[in-house]
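Structure first, commentary second.
The values are calculated or read from the model by the stated rules, or taken from the named source; none is laboratory data. It should be emphasised that the depicted structure is a prediction, and the values quoted were computed from it without experimental measurement. All Cβ positions, even for glycine, are placed from backbone atoms using ideal geometry, and neighbour counts span all protein chains on display.
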Amino acid sequence: MNTAAAFADFRTYPLISALTAAHTLADRIQVQWADGRVSPFHHQWLRDNCPCPQCVYTVTREQVLEIVDVAENLIPDSARIDADGCLCVDWQDGHRSRFDPGWLRAHAYDDESRAERRATKPKSKLWGTQLKLPVFDYQALMDDNDALLQWLLAVRDIGLTQVRGVPTEPGSLKLIAQRISFIRESNFGVLFNVQSKADADSNAYTAFNLPLHSDLPTRELQPGLQFLHCLVNDADGGESIFVDGFAIAEALRREDPEAFQALCEIPVEFRNKDRHSDYRCLAPIIALDAFGQVSEIRMANFLRGPFDASVEQMPRLYRAYRRFIAMTREGRFRLMQRLNPGELWCFDNRRTLHARNAFDPATGARHFQGCYVDRDELLSRILVLQR
């Protein structure tokens, strides 16, 4: 059974266990569930999350109540479980709140409930050279939302996918990228052409080899997803190389925790400059989320400024940086594959580092198109499709 939480949001919540009792204590209401769990809810938390039309605008499902407008010492007159199994609270100021049991269980913050929620959060699937590459069909992704969802989940959890059967007309990339959301424009444009050219404003637009890197580490927010679509690939060389930056970071954490800590703590400046722009960002190479898990890798040696660390920190930073770069070259992490016309890569640019072998433009044409979509758009699209 799924239950809706009045006007709390657009989702429904499974009724995992029914409410059986509610007890009012000095600063909280303690509820009991049919499966034996006990969840305390502080008075302020309950009042702050009241889903009634006075507190949440029914059209946008966004809160209009600000907790500062409610007395800090507000307490309930009574709390009970009604005939529909909802928790009903009558407050001393005359306000009445009614909480759906599915919603309440989904947001309970007792230790057991919080641990349960954390255990169900998506987890990155780390990979190395033995990765079984997730491959998807272009037309299925364009026509079938179930196929689209499976692709997006693979992008989210694995961070590297390939799509085949993509039309090779210039601009075709835009259609599949927009199946996720709008494209993020940069100083390279909405779609950018990866071709060797004499007046290149990036090493990507040469025939050089490109070492493993993330795109635009010079920005406060690196692009989340990167697409690279092959239109023509007749030149010798130019194979794509990928490593899972999260897998390398976790291996570094295990094998050399001091180096891992240095790359999490000491910021490095990345710079992207041409005749018309100058982007700079100072940030650590490895970023952690609120739970201490690796959430981002920021790396492009060819866009790095001189290290600016204290005299004491400089040797520590160089040792850690050299170790990380050396690990990206280890065979256990590397996946290499040539991209053919009508195929595209879609990968998490803030996780999966990519590289390209040098190619010989004298042996044939090579034309890729690329674009970016932010990681937030990927996650939003997944939630809407799942809803």
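Please find, within segment 307-335, the residue that is surrounded by the most Cβ atoms within 10 Å (Cβ to Cβ) out of those that are assigned to a helix (DSSP H, G or I) and aromatic (Phe, Trp, Tyr). Only one residue fits best here, namely Phe324.
Can you name every residue in segment 65-78 that is touching a strand residue (DSSP E or B) at 6+ places or on another chain (Cβ under 7 Å), modelled with pLDDT of 95 or more and not charged (D, E, K, R)?
Taking segment 65-78 as the starting set, the residues that turn out to be touching a strand residue (DSSP E or B) at 6+ places or on another chain (Cβ under 7 Å) are 74, 76-78.
With modelled with pLDDT of 95 or more added as a condition, the list becomes 76-78.
Pro76, Ser78, listed by residue number.
Of all residue pairs spaced 6 or more apart or on separate chains, none has beta-carbon atoms under 6 Å together with a first member in segment 65-94 that is at negative phi and β-branched (Val, Ile, Thr) and a second member that is assigned to a loop (DSSP other than H, G, I, E, B) and surrounded by 14 or more Cβ atoms within 10 Å (Cβ to Cβ). With the condition kept exactly as written, say whether any residue in segment 285-294 is in the same structural domain as Gln150 (by TED's automatic domain parsing), under 20 Å from Phe246 (Cβ atoms), touching a Leu at 6+ places or on another chain (Cβ under 6 Å) and part of a loop (DSSP other than H, G, I, E, B). The answer is yes; a qualifying residue exists. Would you say Asp69 is among the acidic types (Asp, Glu) and farther than 18 Å from Thr20 by Cβ? Judged against the criteria, Asp69 is a match. Restricting segment 90-148 to residues that are among the β-branched types (Val, Ile, Thr) and under 23 Å from Val294 (Cα atoms), which is surrounded by the most Cβ atoms within 10 Å (Cβ to Cβ)? Out of the qualifying residues, it is Thr129. Looking only at residues that are touching a residue at least 60 places away in the same chain (Cβ under 8 Å) and among the aliphatic types (A, V, I, L, M) in segment 149-171, which one is surrounded by the most Cβ atoms within 10 Å (Cβ to Cβ)? Within segment 149-171, the match that is surrounded by the most Cβ atoms within 10 Å (Cβ to Cβ) is Val155.
On the given criteria, is Ala177 more than 20 Å from the chain's Cα centre (by Cα) and small (Gly, Ala, Ser)? Here the answer is no, as Ala177 does not meet what is asked. For Ala262, the conditions (1) touching a Gly at 6+ places or on another chain (Cβ under 8 Å); (2) crowded, with 22+ Cβ neighbours inside 10 Å all hold with the exception of (1).
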